[in-house]
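Notes follow the structure.
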Amino acid sequence: MTFTSYMDQALEEARAAAARGEVPVGAVIVAPCGRVVARAGNRTRELNDPTAHAEVLALRAACAAAGSERLVGHDLYVTLEPCPMCAAALAAARIARLYYGAADPKSGGVAQGPRVFAHPQCHHVPEVYDGIGAAEAERLLKEFFAARR
C-alpha cells in the first residue's frame, strides 16, 4: 500500500481561511477507503465561535456524513499542531492517524504544552506524524501575522 498525503488539500483550506481574514489553518479528514470526507478552514471570526477551528469544523462535517460521533479508521491532516481543545476532540472522535504540519509552541496540545494524548484520561491516542508540509504551513502563518503587525 502506498502512502498518499492530503496535506496539499489542507493547505488549500488554510489559504482560503487567510483570504477570509482567519488564521490560516486548514484540515482534511480522509476515510479508510482514501476518500476525502470533510475539509475545513478556521472560521472563528466569521462564525463568532471560538470553537470553529478547522479541525472541529472538519470533525463535525465528517461525523455528520458518517452518521456517527466516531470516525474509526479515519485520518486527519491539519496544517498546524492541534490545540488542546482540538486534540481532545480528535481523541473523542477516535481519529486513527493525525498528520500535522507546523509545530505550535505557543498553543499546541500534542507535542507542546499539555500533550493531551499523553494523559491517562485520554481514552484514545491516534498515531501522530508531524512536520508534513511544515515549511509551507509556517510560511502561511508568518505572512498572515506579519501583514497584521
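Of note:
- Acute angle (nearest 10 degrees) that the helix 54-66 long axis makes with the longest principal axis of the chain, alpha-carbon atoms: 40
- ³J(HN,Hα) computed for each position of the range 115-127 - Karplus, 6.51 cos²θ - 1.76 cosθ + 1.60, integer Hz, glycine/proline x: 6, 3, 6, 8, 6, x, 6, 7, 7, 9, 10, x, 5
- Once the 1.4 Å probe is applied to the protein heavy atoms, the chain comes out at 50 Å² accessible per residue.
- With every protein chain in place, the chain: carbon and sulfur % of accessible area (1.4 Å): 55
- By definition, a body whose alpha carbon gyration tensor gives a ≥ b ≥ c is prolate when a/c is 1.5 or more and a/b is larger than b/c, and the range 92-149 fits this prolate description.
- Close amide H partners of residue 37, meaning residues 5 or more places away or on another chain with modelled amide H under 5 Å apart, are 29, 30, 31.
- Note, ³J(HN,Hα) from phi for the range 93-98, Karplus 6.51, -1.76, 1.60, rounded to Hz, x at Gly and Pro: 7, 6, 4, 6, 9, 10
- Summed over qualifying helices (DSSP H, 4 residues or more, each -39500 (n - 2.57)) and divided by its residue number, the chain shows a 222 nm mean residue ellipticity of -11000 deg cm²/dmol.
- Farthest towards the positive end of the charge dipole of the chain, among the residues 123, 38, 17, is the Cα of 17, using unit charges on the Cβ of Lys, Arg, Asp and Glu.
- For the range 1-66, the convex hull drawn through the C-alpha positions has a volume of 70 cubic angstrom per residue.
- Sorting the segments 104-111, 32-39 by their mean number of nearby beta carbons within 10 angstrom, highest to lowest, gives 104-111, 32-39.
- Only alpha carbons enter this Debye calculation for the range 45-126, each as an equal point scatterer, and the log10 of I(q)/I(0) it gives at q = 0.10, 0.16 Å⁻¹ is -0.22, -0.57.
- Solvent-free Debye scattering, log10 I(q)/I(0), computed from the Cα coordinates of the chain at q = 0.09, 0.20 Å⁻¹: -0.24, -1.24
- Difference of contour (0.36 nm per residue) and Cα-Cα distance, residue 118 to residue 48: 22.1 nm
The values are calculated or read from the model by the stated rules, or taken from the named source; none is laboratory data. From a predicted model like this one, the values you see are computed outputs, not experimental measurements. Cβ: placed from backbone, ideal geometry, glycine included. Neighbour counts: every protein chain shown. Just so you know, the surface numbers come from the protein's heavy atoms only, side chains and all, with ligands and any DNA or RNA stripped out. Shrake-Rupley method; radii C 1.70, N 1.55, O 1.52, S 1.80 Å.
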